[in-house]
Amino acid sequence: MATMTSDGLSLTERRRAQTSNDIHLAAIALYEKQGVDATTVAEIASAAGVSSRTFFRYFENKEHAGIPGQFSLRNRVARFAPSDGSPSSVLRQIEGLFEEEILSGVERDEDSVRVARLFAAEPALLEEAAAQLQRVSKLLQVVLSEHCPSLQRSTSLMITDLAMTTWHTSWETLGQRYRAGEDITPIENYREHCALLREIVR
């Protein structure tokens, strides 16, 4: 029987999570120092104290190592069970889910700030984030088709696109706001973008 830690993870899971975080922190430290383009996987692996082979057990590429939070979002979407209802009610449920994801990362606030700042300076990270969000978007479409049968496919697709665009845009602009010296939290910024969406579509 696997030994469990106080947070409910097995020792193996805890070690994997720690290694993943070590690689991520090494990556963003190097990106802050010399930029994404000038950084190699070998440098990230060395800074994290692992081999390049181990690096690729955790991340698809060096850009991915800078934004591992998408894994958490994807897992949260996979567990999502929205109630069937009107398009606006389903969209609000998704926004609530995304708020939960942001709030669950309170302990990672400093890390979130660093990544958001890098988003504003490193287009490669934004491109990687967009690619990962495409996978999350497809998963969300599957979830909606299973739990919200009253929605037409075109409606489901539009809800998904609106939700994912709001999420992505909020993180992109958060980095810009931090670099401009604004004092705002990720959840405040996300809620502002949700309110902006309401203004646009009403």
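Any read-out appearing in this document is the output of simple, stated calculations on the displayed coordinates, not a laboratory observation. Remember, predicted model here, so these are calculated numbers, not experimental data. Please note: Cβ atoms are built from the backbone with ideal geometry, for glycine as well, and neighbour counts cover all protein chains shown.
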>> Quick check: the distance between the Cα centres of segment 62-122 and segment 134-202, to the nearest angstrom?
In response: 9 Å
>> Can you order the peptides 88-100, 31-43 by their average number of other Cβ atoms within 10 Å per residue, highest first?
In response: 88-100, 31-43
>> Quick check on packing: order 71-80, 115-124 by the mean number of other C-beta atoms within 10 Å, highest mean leading.
In response: 115-124, 71-80
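What is the Rg over Rh value, at two decimals, for segment 44-98, using alpha-carbon atoms and the Kirkwood definition of Rh?
Radius of gyration over Kirkwood radius for segment 44-98 works out to 1.25.
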>> I need the Debye-formula profile for segment 11-64: one equal scatterer per C-alpha, no solvent, reported as log10 I(q)/I(0) at q = 0.26 1/Å, two decimals.
In response: -0.99
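What whole-number volume per residue, in cubic angstrom, does the convex hull of the C-alpha atoms of the chain give? Could the numbers behind the result be given before it?
Details: hull volume 27.7 nm³, N = 202.
Per residue, the Cα convex hull of the chain comes to 137 Å³.
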> Once every DSSP H run of n ≥ 4 in the chain is given -39500 (n - 2.57) and the sum is divided by its residues, what mean residue ellipticity at 222 nm do you get, rounded to the nearest 500 deg cm²/dmol?
Replying inline: -25000 deg cm²/dmol
> Quick one: length gained pulling residue 130 to residue 104 fully straight, 0.36 nm per residue minus the C-alpha distance?
Replying inline: 7.2 nm
> Membrane-span-like helices in the chain: DSSP H runs reaching 30 Å or more (Cα, own axis), mean Kyte hydropathy at least -0.5?
Replying inline: 123-147
> Dimensions of segment 162-202 along principal axes (Cα, Å, largest first)?
Replying inline: 31, 15, 14
>> Taking each pair of distinct Cα atoms in segment 88-144 once, what is the resulting Kirkwood hydrodynamic radius in Å?
In response: 13.0 Å
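Roughly what % of Cα-Cα distances in segment 38-156 sit above 25 Å, to the whole percent? Mind showing how you got there, number by number?
Numbers: 2498 of 7021 pairs.
When every Cα pair of segment 38-156 is considered, 36 percent fall beyond 25 Å.
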